[in-house]
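Only one structure is covered here, and it is reproduced in the block below.
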Amino acid sequence: MKRLLLILILTLSFQSWTKADDISDFQIEGISVGDNLLDHFSKEEINKRDIFYYPKSKKFVGISFANQNFYKIFKSVQFTFSENDKKIVGIGGRIFFPNDIQGCLKKKDEIVKELSEMFGNEVTIQEVNKAHQADKSGKSKITSIYFIFKNDDAVKVNCYDWDKNMKYKDALVLNIDAFEYRNFLSNEAYK
């Protein structure tokens, strides 16, 4: 697990994090917010996947690619994009911690420490602990640290602690999200 953290930190270190004004310079598995999904995957590859639609709005949709041969760090990467033009507005790299939320929280803290040192005073840091909107029972929880840029784009490190009745696995997710996607999640996706 220490080797995984080292690979993650080295990968992130080669990005020009502290010099960026927004998140378009950052990558997860070689892909950036603002890219077109079709620049990385064929229509056939996209059409083979289940597209995730948010319950209250179709402005953006999500798609996951798991266990791809080219993934160096993550087991799954989710892309959120406009279905019309395929512009990526959010990327989330996922490392699974099945039934090990404490392991997830420990790894989150290690990554947050490293990102805090990289970003310095260039970002505002915000911690959020809440129930996940997709679980109507309120039993599934998210523990997040947001690194918010001046233009309100964000990099965040999350631990998802899913209730046993949900179909998802506990996981650490590193997200890179454009402000327009963050705004969508807060004001349209679930309301």
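The table below gives the values:
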read-out: Dipole magnitude of segment 2-187, debye to nearest 20 (Cβ charges: Lys/Arg +1, Asp/Glu -1, about Cα centre); value: 740
read-out: The chain, helix-only ellipticity at 222 nm - DSSP H runs n ≥ 4, -39,500 (n - 2.57), divided by all residues, nearest 500; value: -7000 deg cm²/dmol
read-out: Residue order, fewest to most beta carbons within 10 Å, for 147, 96, 52, 74; value: 52, 96, 147, 74
read-out: Aspartates and glutamates whose Cα lies under 16 Å from that of residue 43, excluding same-chain neighbours fewer than 8 positions away; value: 35, 83, 85
read-out: Partner lysines for residue 48 [C-alpha distance under 20 Å; skip if fewer than 8 residues away on the same chain]; value: 58, 75, 86, 87
read-out: Dimensionless Rg over Rh [segment 39-112; C-alpha; Kirkwood]; value: 1.03
read-out: Sequence-distant lysines (8 or more away, or on other chains) whose Cα lies within less than 16 Å of residue 56; value: 136, 191
read-out: Filter on 141/167; 59/139; 59/156 - keep pairs with C-alpha separation over 18 Å; value: 59/139; 59/156
read-out: Ranked by how many other beta carbons lie within 10 Å on average, peptides 129-135, 86-92 from highest; value: 86-92, 129-135
read-out: Two-decimal Rg/Rh across the chain, once Rg and the Kirkwood Rh are taken from alpha-carbon atoms; value: 0.93
read-out: Span per principal axis, largest first, for the Cα atoms of segment 82-180 (Å); value: 38, 38, 21
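Computed from the coordinates by the stated procedures, all read-outs in this text should not be read as laboratory data. Values in this document were obtained by computation on a predicted structure and should not be read as measured data. Every residue, glycine among them, receives a Cβ derived from its backbone with ideal geometry; neighbour counts consider all protein chains shown.
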